[in-house]
Amino acid sequence: MSAAFRPLDGVRIVEFSGSIAGPSATMILAQLGADVVKVESPDGDDARAWPPHVADRSVVFRQMCAGKRGIVLDLKQTAGIDIALTLTASAAVVLQTMRPGVADRIGIGEAAVRARNADVIYFDMNAFGTGAVGRDMPGYDPMVQAFSGIMAMTGHDGAPPTRCAPSLIDLGTGQWIAMGILAAVLAKSRGQAVAHLETALVDTAFSVVSYQATSALMSGERPPRAGSGNPIAAPYQCYEANDGQLLLAAPNEKLWRRVVDVLEAPALAADPRFRSAADRAHHREALEAELNAIFARDDTATWIAKLSAAGVPATRVYGLEEAVVSDIARERRTFQDSDGVPLVRLPWLVDGEPLAWTAPAPTLGQHTREVLRDLGYSDARIAAFIASGAAREA
């Protein structure tokens, strides 16, 4: 059934984008059936060079560009721009992630694209917006995490600002772009006018910390750093057993009572500092010290077995190298083969089946000749474009 789940069949999306945020969005849409044509410069997407590599190809690029067709155009040449505009004339959606003003300057901005394709959905992605303040600010995932307060609120007290290890902002922005495009395509199919969408990396960052952001705006105070926990709930973090750490999640009264019973610690329940959920959250550091003293009496496996038997969510802390070979990963069929490389599938099961990767990420310029033929160029003109360097093929 997953092979038949292609709601975007017939929808062409042209991507002028690199790295992770934009490409991750169009990768999702390609898996949903869209014909995504990725336009790269002669040097290729930066992500092609990022380690690790499998069979001389970046795993990052393999993941972010699976399912797409790739062409190479030199947008510094007039002929390259003309080909790009001819390509966008065939598209339902154009996504570009250049700095504000760059697409207009080189000739593929919204006005130029719309002159050839009045009905196109034009999607701008940028770092800090197109206004006077944000337009010239460069945007990389860690910069946006640093700007938005995420790094300052991540990690433990006394430690340096800490970046969330996955590319949270880039990948989150990709999901917002994909949702926006899906919504716009659906709206247009229902006769609603949609012409232009925009999102910024910083928009994603604020959405990730939405309730903390409102609290900070109203109070003027920085959210406390919570280590492995959460300032609004306790016990809800990692604790130290005598052989390692376990993660305990008991944010409500029913689970808290079960924790007290498992630990055989009625004094904790009677302690006024821990009487309510709000009390426990307010005194979470004191609670952490009390629980660590108890957990230190036995090993992780014993505590997890006891807590789980009582219906309390608890787990040991796994390394990624352990998680990827776990029974859960196998049961969920987390990895699906793409050109001999196991890539993490999209987080859907469709009628009980994962979406298989439709095609591997393209080699640089792999589909240049094929796409130009689709656009109606003759073999002679294609050969001339390639000879001049306006277009290149693998």
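The values are calculated or read from the model by the stated rules, or taken from the named source; none is laboratory data. Source: prediction; values computed, not measured. Glycine also receives a Cβ, built like all others from the backbone with ideal geometry; neighbour counts cover every protein chain displayed.
Residues that are over 31 Å from the mean Cα position of the chain (by Cα) and in a helix (DSSP H, G or I): does the stretch 236-254 have at least one?
Scanning the stretch 236-254, I find at least one residue that is over 31 Å from the mean Cα position of the chain (by Cα) and in a helix (DSSP H, G or I), so the answer is yes.
Identify all residues within the stretch 378-394 that are among the aliphatic types (A, V, I, L, M) and modelled with pLDDT of 95 or more; write none if there are none. If you could, list the steps in order and put the result at the bottom.
Residues of the stretch 378-394 that are among the aliphatic types (A, V, I, L, M), as a first pass: 380, 382-384, 386-387, 390-391, 394.
Across the stretch 378-394, the qualifying residues are A380, I382, A383, A384, I386, A387, A390, A391.
I need the full set of residues from the stretch 136-151 which are surrounded by fewer than 18 Cβ atoms within 10 Å (Cβ to Cβ), assigned to a loop (DSSP other than H, G, I, E, B) and modelled with pLDDT of 95 or more, in order please.
Answer for the stretch 136-151, where residues must be surrounded by fewer than 18 Cβ atoms within 10 Å (Cβ to Cβ), assigned to a loop (DSSP other than H, G, I, E, B) and modelled with pLDDT of 95 or more: there is none.
Starting from the stretch 1-21, keep only residues that are farther than 22 Å from D119 by Cα, then list their pairs with residues that are of a type in the set (V, I, T) and at pLDDT 95 or above whose Cβ atoms are within a distance under 6 Å, requiring at least 6 positions of separation or different chains.
Pairs found: A21/T173.
Looking only at the stretch 209-265, filter to residues that are among the aliphatic types (A, V, I, L, M) and surrounded by fewer than 16 Cβ atoms within 10 Å (Cβ to Cβ); which one of those is farthest from Q175 (Cα to Cα)? Spell out how you get there, then give the answer.
Taking the stretch 209-265 as the starting set, the residues that turn out to be among the aliphatic types (A, V, I, L, M) are 209, 213, 216-218, 226, 232-234, 241, 246-250, 255, 259-260, 262-263, 265.
If we keep only those that are surrounded by fewer than 16 Cβ atoms within 10 Å (Cβ to Cβ) as well, we get 216-218.
Values: A216: 26, L217: 26, M218: 29 Å.
By that ranking, first place goes to M218.
For the subset of the stretch 319-377 comprising residues that are aromatic (F, W, Y) and out of contact with any Asp or Glu (no Cβ under 9 Å at 6 or more places or on another chain), which member is modelled with the lowest pLDDT? First the steps, then the outcome.
Pass one, the stretch 319-377, residues aromatic (F, W, Y): 335, 348, 357, 377.
Within this subset, residues satisfying the condition of being out of contact with any Asp or Glu (no Cβ under 9 Å at 6 or more places or on another chain) are 335, 348, 377.
Working: F335: 96, W348: 92, Y377: 97.
Going through the qualifying residues, I end up with W348.
Taking S207, is it more than 30 Å from L263 (Cβ to Cβ), in contact (Cβ under 8 Å) with a residue 24 or more places away in the chain and of a type in the set (G, A, S)? Lay out the reasoning, then the answer.
Details: more than 30 Å from L263 (Cβ to Cβ): yes; in contact (Cβ under 8 Å) with a residue 24 or more places away in the chain: yes; of a type in the set (G, A, S): yes.
Yes.
Quick check on my filter: what residues within the stretch 312-350 are aliphatic (A, V, I, L, M), farther than 30 Å from A234 by Cα and outside the structural domain of V60 (by TED's automatic domain parsing)? Give the steps one after another, and end with the answer.
Within the stretch 312-350, the subset aliphatic (A, V, I, L, M) is 312, 314, 317, 320, 323-325, 328-329, 341, 343-344, 346, 349-350.
Applying the additional criterion that residues be farther than 30 Å from A234 by Cα yields 325, 341, 343-344, 346, 349-350.
V325, the sole residue that qualifies.
Can you name the strands (runs of 3 or more DSSP E) wholly within the stretch 293-394 that have at least 2 residues being within 22 Å of the chain's Cα centre (by Cα) and over 30 Å from S90 (Cβ atoms)? Let's see the steps before the verdict.
Details: elements: 314-316, 335-338, 341-344.
Ranges flagged: 335-338, 341-344.
Hey, among Q63, Q77, which residue is of a type outside the set (A, V, I, L, M) and under 19 Å from L372 (Cα atoms)? Explain how you work it out, then say what you get.
On the way: Q63 fails: under 19 Å from L372 (Cα atoms).
Answer to the check: Q77.
Listed residues Y122, Y140; which is in contact with a strand residue (DSSP E or B) (Cβ under 6 Å, 6 or more places away or on another chain) and not basic (K, R)? Working first, answer last.
Values: Y140 fails: in contact with a strand residue (DSSP E or B) (Cβ under 6 Å, 6 or more places away or on another chain).
Being in contact with a strand residue (DSSP E or B) (Cβ under 6 Å, 6 or more places away or on another chain) and not basic (K, R) holds for just one of Y122, Y140, which is Y122.
Within the stretch 26-46, identify whether any single residue is over 22 Å from the mean Cα position of the chain (by Cα), at pLDDT 95 or above and within 26 Å of H196 (Cβ to Cβ), and answer yes or no.
Here is the first cut: in the stretch 26-46, the residues over 22 Å from the mean Cα position of the chain (by Cα) are 41-43.
Narrowing further to those that are at pLDDT 95 or above: 41-43.
Subsequent filtering for residues that are within 26 Å of H196 (Cβ to Cβ) retains 41.
Yes: one or more hits.
Would you say L217 is over 23 Å from the mean Cα position of the chain (by Cα) and part of a helix (DSSP H, G or I)? Break it down into steps so the answer makes sense when it comes.
Values: over 23 Å from the mean Cα position of the chain (by Cα): yes; part of a helix (DSSP H, G or I): yes.
Judged against the criteria, L217 is a match.
Can you pull out every residue in the stretch 186-209 that is under 17 Å from the mean Cα position of the chain (by Cα) and part of a helix (DSSP H, G or I)?
Result: L201, V202, D203, T204, A205, F206, S207, V208.
From the list A193, A184, which one is under 29 Å from I28 (Cβ atoms) and modelled with pLDDT under 95?
Numbers: A184 fails: modelled with pLDDT under 95.
Answer to the selection: A193.
Is there any pair with a first residue in the stretch 259-284 that is closer than 18 Å to F295 by Cβ and a second that is of a type in the set (V, I, T) and part of a helix (DSSP H, G or I) whose Cβ atoms are under 7 Å apart and which are 6 or more apart or on different chains, and what are they?
Partner pairs satisfying both residue conditions: L263/I294; A265/I294; P266/V260; L268/V260; A269/V260.
More than 22 Å from the chain's Cα centre (by Cα) and either small (G, A, S) or surrounded by 14 or more Cβ atoms within 10 Å (Cβ to Cβ) (or both): which single residue out of A111, A127 fits that description? Talk me through it step by step, then tell me what you get.
Numbers: A127 fails: more than 22 Å from the chain's Cα centre (by Cα).
A111 is the lone residue from the list that is more than 22 Å from the chain's Cα centre (by Cα) and either small (G, A, S) or surrounded by 14 or more Cβ atoms within 10 Å (Cβ to Cβ) (or both).
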